[in-house]
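Step one of this worksheet: look at the structure below.
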Amino acid sequence: MAEAYYLAIVCLLILSLYGIDARRREKRRKFILKERMPAELSEGQLIRSEHYIRTEVPRKMHGTLDQLYRVLSGLHVLVDSKTRDKHQVFMKDIVQVSVYRIILIRTGVRMADYAYFRVVTPDGIEYHKRTLLDEAQVIDEFDRTQTLINGKATPSNAQHKAMCMSCPQQINCDDWQFSGRHQS
Amino acid sequence: MKKKANGFISATKIAQRSFCEKQLVLDEQYGRHETDIQRQRRERGDEEHLRHHLEAQRYGSSRDSRCFIATELYGPVAKETEQLRLFRDRYLQRSYLGRIFTSAYYKLSPTVVRLMQRYPLVRKIIKPIINWIVKKVSING
């Protein structure tokens, strides 16, 4: 009697799971169409999302990654979202994600040497593939940042005047040749 | 999401240096400032991050057939899990119907695991069923 009862429950469960599964597949299809996700990622497996990571070697670095996928080759690929007016990826984005990559490598994760930047604009979503910095380059970036924070080096100016126009530190900045106040 | 980490430098700060070293130093001296437009953009970005985080967790992955209900219930190296693995390899994989059953199980198990993680009631319903299957499999094995 108990066996028949359990078998009936198993059959019902399988039927309802098929229904749930079909609904989920349809939603997933819509999600991939909307996202225009590269095949490499849509065929892969999401491993982490909004996950805090840190390392002490080669340097004390930390951060929160957006998404980490394991692709079919077995390598792990980072995805970082940016909300922008235009589809652009800046050097600072590449540096940020390169730091995540080095932290993950140091925790034993097999990482690809590239990442995808998911840029969200009013026109829609686009994924941009970019090669990341290697460990030596990340260490250089870290050391320079630490030196500046500790006040042991003189900071350089922004490379372009346009970068100063929207800078919230204009009021404290002594670089008059760049600041908006100087122009007015 | 941000955590205190003494002596650590965040990826965002390291990245900011490549944008403007002056701003990095001024942020350290006077605290981080942002204009109204920047605040609005940051809030928009935070909302987008949260939305994508939830969607990616639900629909961002293809199926992982390595997720087993038994692993979720008993653990990956438990005696019960091992018995079910043996049953799969010794009996199910040797017949056509058994292979169909195994592939259906691989397909459905991630959904079951997700439901068990989300609703403890589902776990309560499924556990005696799996216990019963394990018991039967052990007798037959």
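The values are calculated or read from the model by the stated rules, or taken from the named source; none is laboratory data. This structure is a prediction, so every number in the text was calculated from the model and none was measured. FYI the Cβ positions are ideal-geometry reconstructions off the backbone, even for glycines, and counts take in every protein chain you see.
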**Request:** Would you mention how many residues in the stretch A:138-177 are under 27 Å from the mean Cα position of the chain (by Cα), more than 7 Å from chain B (Cβ to nearest Cβ), under 13 Å from B:K22 (Cβ atoms) and of a type in the set (A, V, I, L, M, F, W, C)?
**Result:** 1
**Message:** Could you go through the stretch A:96-107 and let me know if any residue there is surrounded by fewer than 16 Cβ atoms within 10 Å (Cβ to Cβ) and within 11 Å of another protein chain (Cβ to nearest Cβ).
**Reply:** no
**Prompt:** Do we find that A:I32 is more than 30 Å from the chain's Cα centre (by Cα), of a type in the set (V, I, T) and within 8 Å of another protein chain (Cβ to nearest Cβ) in this structure?
**Reply:** no
**Request:** For B:L86, state whether it is out of contact with any Lys or Arg (no Cβ under 6 Å at 6 or more places or on another chain), away from chain A (no Cβ under 14 Å), free of Cβ contacts under 8 Å to residues at least 60 places away in the same chain and more than 24 Å from A:Y5 (Cα to Cα).
**Result:** yes
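Matching residues to (1) touching a helix residue (DSSP H, G or I) at 6+ places or on another chain (Cβ under 8 Å); (2) under 20 Å from B:K136 (Cβ atoms); (3) facing chain A (nearest Cβ under 7 Å):
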| position | (1), (2), (3) |
| --- | --- |
| B:A15 | yes, no, yes |
| B:C20 | yes, no, yes |
| B:T35 | no, no, yes |
| B:H53 | no, no, yes |
| B:Q57 | no, no, yes |
| B:A78 | yes, yes, no |
| B:L97 | no, yes, no |
| B:T102 | yes, yes, no |
**Fill in**
the stretch A:91-180: helices (runs of 4 or more DSSP H) wholly inside it with 2 or more residues that are assigned by TED's automatic domain parsing to the domain that holds A:H51 are A:91-106, A:135-149
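Does the stretch A:35-51 hold any residues that are surrounded by fewer than 15 Cβ atoms within 10 Å (Cβ to Cβ) and more than 10 Å from every other protein chain (Cβ to nearest Cβ), and which are they?
If the condition is that a residue be surrounded by fewer than 15 Cβ atoms within 10 Å (Cβ to Cβ) and more than 10 Å from every other protein chain (Cβ to nearest Cβ), then A:R36, A:A39 are the ones that fit.
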**Prompt:** Can you spot a residue in the stretch A:52-71 that is facing chain B (nearest Cβ under 7 Å) and touching a Gly at 6+ places or on another chain (Cβ under 6 Å)?
**Reply:** yes
